[in-house]
Amino acid sequence: MQQRLTEKIKAGERLQAEEAAALWDLDILTLGRLADLVRRRWHPKPMVTYVVDRNLNYTNVCVSGCKFCAFYRPPGNPEGYVMDQTTLEEKLAETVTLGGSGVLLQGGLNPNLGLEYYKDLVKCIRGRFGLHVHGFSPPEIAFLARETKKPLTEILARLMGAGLGSIPGGGAEILVDRVRRAVSPNKCSTQEWLGVMETAHDLGLRTTATMMFGHLETRAERVEHLLRLRHLQDRTGGFTAFIPWSFQPHSTTLGGTSASALEYLKTLAVSRLVLDNFANLQVSWVTQGAKIAQVALSFGANDFGSTMIEENVVAATGVSFRLSREEIVRQIATAGYDVRQRDHLYRAMETGGGRS
């Protein structure tokens, strides 16, 4: 099986479910070399990209009750918040000053916020500050559609009219309902998550996709997750990138231990080999740290992600890796790659290139 796997990958042939599951049996160096081979097919030049933005969490009030989340607060909790206008504008002005091109906008499933709130929020970010809005994960959009009793197409069209530019792939966790029922029972189902993304793609919105692994799922279920993304990408071509990251257990109801760096690198490499129709794979330095992120560039990744001027959700678990724009550029360059700043649609920008 291992020799056949290697031959198929080198020949550029598509892997099926059983073959994808068998990738984990390959030794780590072989797996890395094969993933790097595929990465270089997509990106022949030794170039790694990054984006300058901030994660803006407009509310932490959420009814989902995800067992892996240390950030949310249920409705009525005194620690719950909705970001006020003054704070929002201060954060956006700072983002512009620091050279940011956009914001990653995400919050909880807050039953007290209506569609007009979301439209005004997007209008402020895009219209007043000129920043790209990479906002609202599928669970947020599905929740808003249920609360307002409006179809997804109408919700998305109105948000696009306000200035929504793309959708982040958050809330995917593992796209297998057995796992979703166990870790996030009040969040949208697998088909609902995929349905939001397909509707967005049909309307012309590009999106990313994610996977949070290393909790209750099996490796076979990770493969199932990847294959569902690959199948949707075959139909729509709307995904710009894939970002796998490891579950961080501290301060969560779910608890447990973090996946090792070895498991992270293997999962990243498997993702690169299975997702043969995804152009970009992003490292997760915010969960793995800078050094493992550098290694990950040889395991299938070609993007270093965001400078994350601000990040709150992972930080709530006690993980505190921070990298400035200058440090990201240095990390990429010292790993042996040319550096290029990009926008949220993975288009190269004129600034932020070169070597450190």
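Here are the numbers for the structure shown:
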quantity: Computed E for residue 186/residue 235 - FRET, C-beta separation, R0 35 angstrom, nearest 0.05; calculated: 0.80
quantity: Highest-first arrangement of 266-277, 338-349, 73-84, where packing means the average Cβ count within 10 Å; calculated: 266-277, 338-349, 73-84
quantity: Using a Förster distance of 51 Å, the FRET efficiency for residue 27-residue 203 (Cβ separation, nearest 0.05); calculated: 0.70
quantity: Those Cys residues of the chain for which no other cysteine Cβ falls under 4.7 Å; calculated: 62, 124, 188
quantity: For region 17-341: lysine pairs under 16 Å (alpha-carbon distance), excluding those fewer than 8 apart on one chain; calculated: 4
quantity: At most 12 other Cβ within 10 Å, DSSP loop - chymotrypsin sites (Phe, Trp or Tyr not before Pro), region 258-293; calculated: none
quantity: Gain upon complete extension [residue 18, residue 45; 0.36 nm per residue less C-alpha separation]; calculated: 6.5 nm
quantity: Net charge, residue 237 excluded, C-beta distance under 15 Å - Lys, Arg +1, Asp, Glu -1; calculated: -1
quantity: Ranked by how many other beta carbons lie within 10 Å on average, peptides 136-142, 158-164, 185-191, 46-52 from highest; calculated: 136-142, 46-52, 158-164, 185-191
quantity: Other-chain or far-sequence residues with amide H under 5 Å of residue 342's (modelled H); calculated: 50, 51, 52, 349
quantity: Protection proxy ranking of 32-38, 10-16 - average other beta-carbon atoms within 10 Å, highest first; calculated: 32-38, 10-16
quantity: Amide H contacts under 5 Å for residue 102, placed H, 5+ residues apart; calculated: 54, 132
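Where a number appears in this text, it was derived from the coordinates with a stated rule and is not lab data. Here the structure is a predicted model, which is why all the values come from computation and not from measurement. Neighbour counts run over all protein chains shown; Cβ positions are idealised from the backbone, glycine included.
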